[in-house]
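The values are calculated or read from the model by the stated rules, or taken from the named source; none is laboratory data. The shown structure was predicted, so the numbers you read here are calculated from the model rather than taken from an experiment. FYI the Cβ positions are ideal-geometry reconstructions off the backbone, even for glycines, and counts take in every protein chain you see. Side chains are part of the model used for accessible areas, which takes the heavy atoms of the whole protein and leaves out ligands, DNA and RNA. Shrake-Rupley method; radii C 1.70, N 1.55, O 1.52, S 1.80 Å.
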Amino acid sequence: MSEQFTRREFLQSACITMGALCVSTTGVEKAFAASSTSTNSSGMPSCDVLIIGTGAAGLRAAVAARKKNPKLSVVVVSKVMPSRSATTMAEGGINGVIDFSEGDSFELHAKDTVKGGDFLVDQDTAMKFATYAGAAIHELDYLGMPFSRDSKGRVDKRYAGGASKIRCNFASDKTGHILTHTCLDDALKHGVKFLMDHHMLDISIENGHCEGVVLRNVRTGDIAPVRAKSVILATGGYTRVFWNRTSTPYIATGDGAAAALRAGLTFKDPEMLQFHPTGVCHGGTLITEAARGEGGILLNNLGERFMKRYVPNKMELAPRDIVARSIEMEIREGRGFGHDMEAYVLLDVTHLGKEKIMRNLPQIRHIGLLFENMDLVEKPIAIRPTAHYSMGGIHVNSLDTMATPAPGLFAAGEAACVSIHGANRLGGNSLCDATVTGKIAGTNAAEYAEKADFGTGKRLNDLTLKWISHFKEVTGSGKGNVNDMYALREEMGAANWYNMGIFRTESKLLALADKHAEFQARYDALRIPNSNPVFNTAFTEYVELGNLLLASRAALMGATARKESRGSHFREDYLKRDDENFLKHSMVTMDESGKMHLAWKDVVVGQFKIEERKY
Amino acid sequence: MKFIIDRFDGKKNYQQTYTVEKQDIEALTLLGTLLFIKQHLDLTLNFTASCRMAICGACGVRVNGHAYLGCDTKMTELFEEYKDADTFRISPLANYTVLSDLVVDWEPAIENLRKIKPGLVAKDEFSEKEGCRQNQEQYDRIVGQWDCILCGVCASECNKLTADHSDYMEPFVFTHAWKLANDSRSKDPMIHTKAAVMNGLWNCVHCHECTNRCPKHISGAEDIAGLRALAMRKGLNSGVGPAHAKSFYTDLVEDSGRLNEIRLALRTEGVSTVARAGTAITLMRAGKMNPLEIFGGHEIEGHKDLVKMIEAAKAANKE
Amino acid sequence: MQKEFAFFPGCVLTQAAIEAKMSIEAIAPVLGITLKEIKGWSCCGASQAQDVDPLATLVANARNLALAEQMKLPVLTTCSTCLLMLRRAKAQLDNGQKEKINTYLAKGNMNYQGTSEVTSLLWLLAQNAEELKSKVKKPLSKLKVAVFYGCHSIRPSKDLGFESSTNPTSFETVVRALGAEVVPFTKRLDCCGFHAVYPAEKSVMKMTSGIVNSAAESKADCVVTPCPLCQMQLDIYQDDAQETTKSKARLPVIHLAQLVGLALGIDAKKLGLDYNVIDASKIA
Ligand SMILES: Cc1cc2nc3c(=O)[nH]c(=O)nc-3n(C[C@H](O)[C@H](O)[C@H](O)COP(=O)(O)OP(=O)(O)OC[C@H]3O[C@@H](n4cnc5c(N)ncnc54)[C@H](O)[C@@H]3O)c2cc1C
Ligand code: SF4
Ligand code: SF4
Ligand code: FES
């Protein structure tokens, strides 16, 4: 009943003809057969503003678009149920200056952001971002987000790494979860319609303009074009290039960035991937910084607190990237435990005592029980750095619009790169990035849609047909083994981790290029033994793996060319930052033949002096 | 050991048995086991998961007829609960439409969330520019309900939904209404409460499955009770449900201190009600009920003191 | 086995389920248990009064528990809803509410301390199944029983917690100790619907009927339940329920204490078996 309801609403609100409405009953091909007879591209469902993604960025964009012009049809697509995003996993908090009494200011926030990003941040953007971030906190509070409170009843804040002042606003240790549900409620309140279980396969750019996307209705398997006057990509990051060594969700597969590459758009700073020092050994789930903040210590296989070797004055509380490198160094030099992807060091909190652990670190203890099958109260836990965030993303022109160079196409949140985070993101900055950029993208996409016309849909049609036959080809042969795809995915993750992880060198990166070629060949030959169109999650994973391979290749291109160490990009063969040659963004594109190209774009420098990043 | 999984391929339902070595899965979570089966035995098996750390709500499934959050349930816990059974039955959440294997349709639930008017309507003293104020106590009051991850585990077990979902909603929908109605920043709790009343608030059968299964220790049933009390306090007390609850209270406080079954029927549905009169007659015929009780039972010993106590509590907690 | 209890019958045992009271009072002496009814106990709120005033309900139950404390005895009840309401009140009182509520109890010169535990007939028998078995005079070896737990004897486990709520075994243990056969019965953990029989009548009738049909399908001779409310629902409303759903099955529904009484060789009349609405005389 209700499934029809939403679909009906969706089409009613925006549709040109009702022909393709019943994709699920008449079949996509029939819908196309009907439409090809008419010249005005009828038969394709369409809407004014189409948003892909339901993290904070997508949800804020939807409300902003609705508010900008309630007459526009706004549809939000997600490959999963709306609240299953990366946003919901964030724990620590959301930055934004709302208290100026201790000398904090928007400028200081911007300055910390620029420095944290190791000066690869566009400074004008950072300044505007900090201003919007402050306003966003009040707005969220007003929308009903239950922030933790200080003694005066104001939004409470805590310290986040790399900040010179305390400005990380939080809602217990579930800030992202609370934010997600605040935004979801607000979207429901504003009558936003969702198309869940719909997978965006590609975006179509015709004559330089975005004309819509190819969607696969995962429920039915129907692959259909959807035309839109403006499209916002809020698809999140691509950290799953390290498959099992990331704290992020299974869905963080860079679908947006990969689609942008295929459509000829620019993937900016793809080599910039952040690592968090403490993920659990099995599966990379995050153990928050609080474990070390509360007094947890790191031990190698000699039982040493090895941080004394690296940062004796800060020990375990040194910045994230440094702790992460120290741990990897111990493992590399044989002072870790276990082997290969299962190597680890120990994080010990046992000395804190049961009571303190239960009171202050219950979540972390729970994660230890779930993933390592052990109790932190009794034993140290096996940990290793884990990929945590994608600074790189779809290139957009400026924070003012979040528009990509292709008119009609916008990007927001972790999927986008306007360059707020540069080479390293500060804790607490990404939730407010998603909130702020989502809203801007929504407003501007609506504004654009008010004036724009639909494209012809011709290229979109072709792309759709291509995907339809691709599905048949990949799943219809009856060939392929159960584990082929999963084995390839694991291997890709491991190869990226070893060669493009925390330590990068020329020789490892070159070796990885060969691996990527091999993986791509294997991928192209991959066959999925499941031809059922209905909720074929194996095919979804197949598409995602293809996207991850593309993102890996782009990241590798940037990582190889960037012969310096900056932020999270650490080259053992070029230990120093090189502002002379690399104070610029890497801009990766792909041509029709699948070949990638690299160009550079200067970083915008403003009021903040470029200096050594020292804490 | 064996896992019998309820499958649905879009056309037909069937069961499929997978044989797995216990040692391969005993250190895993329930979600880990499903991933193991998918990646090693059968990639056509469909289920959903995203965060694998009990916060996104994607991975609810039923084991032996009871709903669990897959990534938050260790296999060892299941072995313990089911006394080392060597066969487990895994099924999709109940009370949802199954789309495929263990995947269910969330759209109707999202539409139900719309019904209780989600989103805070803040008091006039607050503004978008300066946000709100809320003290610790007011925050603590609602924060537990905000833990809901929309996993659907409660709804899967809800006996009322199973019987008839046309006049009811998922327990978590009521929890969402509760958290808005009880937010100190909220302008008017009745916006959400009224919507809850109109959409089945009084139809909960008190089975407490929701309370029992929620991985986040939320009690839908208690939130429903809270909303009912709020509705009654605000004068939204007409109808069979409120009258029913009220008669228990009346017997407890105003009358004898004990419940009178016949008065209950009469107070709930009115003297003219034929339906329940039939029941009363059944009871009388079976010799269970003294028809004279209708004119008032015997007051319990110490009832006056009980009334005093309750009055004192009421006086102390007047809003 | 604890031999002496402060007995909390609950409203329904004084009226509509009088036979539950008769039977529990009949089996107690045979099992060597002394039940001393709490003088002046009040309604527990029946998981309804809290919808009007949660505080008043808590006060009433604090008083009930305080009365038992004055007797220096643990509380025993057979009604599952009373069990839940009393145990929940106790948990609330023991976890921070005690002082506040005691100021109200003081108006009637009473005081809650937290010294009396609350248990149920089912749990007591399950804990002493061996002893129970040794007292059985007429093993019910020919009887096929569908055991119906009833929600509030198992859920929510945070308040009840005697055993697993998804895989409980106490009832089976007790019934087997009596020599009867427990049939597999898919709806043994379902809800009878009693608490919403007025507002959600249609649904409740469907639930009641489903349980009866499921028991009948499993070839049970009768349904047994520890909870007098479930018994009422399944027994008194059975014909109505079957009529609404156009089902044929008709099964006697008996109280746990009645079943125990039969196995102990107690006369059916003393167990009030003739008060059951669906004829249960065949079981005796
Ligand atoms: C464990 C963890 C802890 C974190 N802690 C913090 C913190 O404390 N503070 C902070 O500021 N940040 C934190 N972050 C980072 C932050 O959560 C994310 O960067 C941010 O939420 C990204 O939001 P988003 O809206 O851009 O994307 P996401 O939340 O990732 O949403 C992406 C959406 O796009 C959809 N989607 C993707 N591809 C497709 C497709 N092909 N078709 C259809 N839909 C698609 C997905 O379904 C999803 O709805 C943390 C991240 C993790 C993983
Ligand atoms: S207590 Fe009410 S809401 Fe909760 S599961 Fe039972 S019927 Fe559903
Ligand atoms: S109330 Fe609990 S069980 Fe229900 S959806 Fe929310 S988190 Fe899941
Ligand atoms: S996978 Fe997110 S809650 Fe289990």
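Brief remarks follow.
- The count of lysine pairs in the range B:108-233 that are at least 8 places apart or cross chains, and whose C-alpha atoms lie under 19 Å apart, stands at 14.
- For the range C:159-279, the spherically averaged projection of the C-alpha convex hull amounts to 7.9 nm².
- Structural descriptor for chain A: relative contact order 20 percent, calculated from alpha carbon pairs under 8 angstrom and at least 6 residues apart.
- Taking a ≥ b ≥ c as the square roots of the eigenvalues of the Cα gyration tensor, the range A:91-202 is oblate, since a/c reaches 1.5 or more and a/b is not larger than b/c.
- Per residue, the Cα convex hull of the range B:108-233 amounts to 105 Å³.
- For A:ASP202, distant residues with modelled amide H under 5 Å away: A:VAL214
- Residue of B:ILE90, B:ILE191, B:ILE300 that the Gaussian network model of chain B assigns the largest fluctuation, springs spanning Cα pairs under 10 Å: B:ILE300
- Packing-based ranking, highest mean first, of B:115-124, C:215-224, C:255-264, A:476-485 given that Cβ atoms within 10 Å are counted: C:255-264, C:215-224, B:115-124, A:476-485
- Mean partner shielding of peptide A:478-491, defined as the number of other chain Cβ atoms within 10 Å of each residue Cβ, is 2.
- Cα-based helix-to-principal-axis angle, A:175-189 vs chain A, degrees rounded to 10: 20 degrees
- Inter-label distance for A:ASN301 and B:ASP86, nm, one decimal - labels placed 7 Å from Cα along Cα-to-Cβ: 3.7 nm
- Cα centroid separation - the range C:106-136 against the range A:144-182, whole Å: 47 Å
- Global dimensions of the range C:4-121 from alpha-carbon coordinates: Rg and Dmax equal 13.9, 42 Å.
- Legend note: in chain B, cysteines whose Cβ sits 4.7 Å or more from every other cysteine Cβ are B:CYS59, B:CYS71, B:CYS132, B:CYS148, B:CYS151, B:CYS158, B:CYS204, B:CYS214.
- Kirkwood-based shape ratio for the range B:106-180, expressed as Rg/Rh from alpha carbons: 1.06
- Peptide C:37-43 has a mean of 6 when you count, residue by residue, the C-beta atoms of other protein chains within 10 Å of its C-beta.
- With R₀ fixed at 35 Å, the C-beta to C-beta distance from C:LYS138 to C:ASN111 puts the FRET efficiency at about 0.15.
- Treating each Cα of the range A:63-118 as an identical point scatterer and summing with the Debye formula, the log10 of I(q)/I(0) at q = 0.13, 0.21, 0.25 Å⁻¹ comes to -0.69, -0.91, -0.97.
- Helix-only arithmetic for the protein assembly as shown: the sum of -39500 (n - 2.57) across DSSP H runs with n ≥ 4, divided by the residue total, places the mean residue ellipticity at 222 nm at -12000 deg cm²/dmol.
- Sites A:LYS152 and A:LYS614, calculated FRET efficiency, Cβ-Cβ separation with R0 41 Å, nearest 0.05: 0.70
- P(r) histogram, all alpha-carbon pairs of chain A included - 10 Å bins from 0, percent: 3, 17, 28, 27, 17, 6, 1, 0
- A:GLU580 paired with C:GLN70, simple spin-label distance in nm, labels 7 Å along Cα-to-beta-carbon: 9.4 nm
- Prolate/oblate/rounded label for the range A:459-578 (Cα gyration tensor, a/c 1.5): prolate
- Karplus-derived HN-Hα couplings along the range C:84-97 (A = 6.51, B = -1.76, C = 1.60, θ = phi - 60°), whole Hz, x at Gly and Pro: 5, 5, 5, 5, 5, 4, 4, 4, 5, 5, 6, 10, x, 8
- Binning the alpha carbon pair distances of the range A:352-422 at 10 angstrom intervals from zero yields the distribution 18, 28, 13, 20, 18, 4, expressed in whole percent.
- Sorting C:68-76, A:76-84 by their mean Cβ neighbour count within 10 Å, with the most densely packed peptide first, gives A:76-84, C:68-76.
- Surface composition of the range A:277-386: carbon plus sulfur atoms contribute 52% of the solvent-accessible area (1.4 Å probe, protein chains only, all chains present).
- Coupling constants for the range C:121-132 follow from the phi torsions by the Karplus curve (6.51 cos²θ - 1.76 cosθ + 1.60, θ = phi - 60°), and in residue order they are 4, 4, 5, 4, 5, 5, 5, 10, 4, 4, 4, 4 Hz; glycine and proline get x.
- In Å², nearest 10: area of A:LYS595 left accessible to a 1.4 Å probe: 120 Å²
- For peptide B:108-119, the mean count of partner chain Cβ atoms within 10 Å of a residue's Cβ comes to 5.
- A crude spin-label estimate for the pair A:GLU378 and B:VAL143, with each label 7 Å from Cα along the Cβ direction, gives 3.1 nm.
- 0 to 90° range, to nearest 10: angle between helix B:171-181 axis and chain B longest Cα axis: 60 degrees
- GNM result for chain C, Cα springs below 10 Å: residue of C:ALA249, C:ALA60, C:ALA180 fluctuating most strongly: C:ALA249
- Using the Cβ-Cβ distance between A:GLU518 and A:ALA599 with R0 set to 30 Å, the FRET efficiency from 1/(1 + (r/R0)^6) comes to roughly 0.65.
- For q = 0.05 Å⁻¹, Debye-computed log10 I/I(0) when each Cα of the protein assembly as shown counts as one equal scatterer: -0.38
- Cα gyration tensor, the range B:2-103 - rounded (a/c under 1.5), prolate or oblate: rounded
- Between 0 and 90°, nearest 10: helix B:220-233 axis offset from chain B longest Cα axis: 30 degrees
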